[in-house]
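A short worksheet on the structure shown next.
The values are calculated or read from the model by the stated rules, or taken from the named source; none is laboratory data. Computed from a predicted model, the values in this text were never measured in an experiment. Here the Cβ positions follow ideal geometry from the backbone for every residue, glycine too, while neighbour counts run over all protein chains shown. The protein model used for the area step is the full one, side chains on, heavy atoms only, and it has no ligands, DNA or RNA in it. Shrake-Rupley method; radii C 1.70, N 1.55, O 1.52, S 1.80 Å.
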Amino acid sequence: MIGTFWSLVPAIVAIALALITKEVYSSLFIGILIGGAFYSGLSFTGFITHVFQDGMVAQLSDSWNVGILIFLVVLGIMVCLMNKAGGSAAFGNWAKKHIKSKVGAQIATICLGILIFIDDYFNCLTVGSVMKPVTDKYGVSKEKLAYLIDATAAPVCIIAPISSWAAAVSGFAGEGENGLTLFIRAIPFNFYALFTIIFMFALVFMKFEYGEMSKYEKAVQIMNEPTDDDGDIQGKGTVFDLVFPIATLIVFCTLGMIYSGGFFTPLIEGEAEGEMAANPAFHNFIEAFANSDASIGLVLGSFAALIITLIVYGIRKVLSFKACMLCIPDGFKAMVPAILILSLAWTLKAMTDSLGAADYVAGVVAGSAQGFKNFLPAIIFIIACFLAFATGTSWGTFGILIPICIAIFPVGDVLRIISISACMAGAVCGDHCSPISDTTIMASAGAQCDHVKHVATQLPYAISMAVISFLAYIVAGFTHSLGTVPSCLISLAFGIAALAGFLIVMKNRVKK
């Protein structure tokens, strides 16, 4: 069963149970147990060892995962500090004077999400903490806020050359090939990300929802008074006390990323008896970002931002030292649900990896390349969607499929670029839909939305864009012989026209 379709069954069962029972913790744990049973062949000692030692303990001791958990906790503390200092409430009051409508609140959320393109984790929690008071004021449901956050996290990061995602994708490039250049060339063909961003703006301006989202949006009543919990505010903060910590986070997380990529470390061009060259060279900004370790960079940046925020709050006397220290456990508590779901999701991924899911999917892709050349981008898109959905990881999907795309097509072939784009777009789409995706989990946490409700309301929107993207990849596959630019323009024009037609039809159906 290792390396067959059965290797994906634990993840499929976990996802199905989560959607049916609307309870994610037990669903993920049952998926983990099924994976352990498959791997051990029903041996009790093998089952226990694989689930707990090879699974949970190994995942929670992995340096990358630990870094992400620390980053989550620090962000939770930062959010708690901003709320207790009154910065969030002050921003809410400022926004009431400058943002006049529900449409304005949603557009501001989308724009902020697009601006924070460095990392999807950072995006999810920052946008949620900043915009929730404003969206609450104008009657935007938590479910819609969670969708706007999620749709401006991974989809924006995957088309931003300076982001942790660009760094990850660049690492999978072929030997002697510039990974960042490959990433940039693939951006115009990343249809799912581009169409999702257009779709968000169109939905907001056209003022309608469909699917599960419409139910929650109708249930929200516009409040005449602020919805913030003023009883928890201890400081007399201003908008500065919200903007400064966030700006500090952005600056220092960027510095942390390039530091982890060697921006400040000299390149040793030659050594003589262990001594460094007289005039050492350094990585440039782009190279450092491409070589960065997001886990380390985000931890370093967020810790620096936290310390500076505490110092500034102390100097400004917006919060007492005791109140600041109480935010540490409070911020940790706020992140416990997200940490628990992430831990279980990582363990489930370890189960599917041990069963050979990657080998199975790689074989499916390689087999589909024979006789389906023009359809290959669309096929890769669907396989990437399915793999990312079942495993809850975009980056893992990149690691499996991008090397295959590079091996199938020679350098210079337009289909090479289109297929790599299809892999990235499909990975983001599957990640966007998956209940066990870490980005989806953190979007729920950022909006303070029930996780299963977020998944259920987001799914119809994500599937709609997936279908349009799939058709656009078919067009791209058949027009690739015209050249990179003509194929891109034709495919984008087709996709945008299909998206416009779909929205018009859906709005008319909603009206009826």
**OP:** List every residue pair whose Cβ atoms sit under 7 Å apart, with the two residues 6 or more apart in sequence or on different chains, where the first one lies in region 76-102 and is at positive phi and touching a residue at least 24 places away in the same chain (Cβ under 8 Å) and the second, anywhere, is buried (at least 21 other Cβ atoms within 10 Å of the Cβ) and in a helix (DSSP H, G or I).
**Re:** GLY86/ASP241
Original post:
Residues in region 300-331 that are of a type in the set (Gly, Ala, Ser) and over 30 Å from the mean Cα position of the chain (by Cα): how many?
Top reply: 3
Original post:
Mind checking whether some residue in region 253-264 is modelled with pLDDT of 75 or more, within 21 Å of VAL130 (Cβ to Cβ) and more than 22 Å from the chain's Cα centre (by Cα)?
Top reply: no
Original post:
Scanning region 291-342 for residues that are more than 19 Å from SER88 (Cα to Cα) and of a type in the set (Ser, Thr, Tyr), which turns out least open to solvent (accessible area, probe 1.4 Å)?
Top reply: SER295
**OP:** Output the residues belonging to region 34-47 that are open to solvent by 60 Å² or more (accessible area, probe 1.4 Å) and of a type in the set (A, V, I, L, M).
**Re:** LEU42
**OP:** Go over the candidates ALA277, ALA334, ALA288 one by one and state the one that is touching a Phe, Trp or Tyr at 6+ places or on another chain (Cβ under 6 Å) and modelled with pLDDT under 80.
**Re:** ALA288
**OP:** Looking only at region 56-92, count how many residues are assigned to a helix (DSSP H, G or I), open to solvent by less than 10 Å² (accessible area, probe 1.4 Å), more than 18 Å from LEU298 (Cβ to Cβ) and touching a Gly at 6+ places or on another chain (Cβ under 7 Å).
**Re:** 2
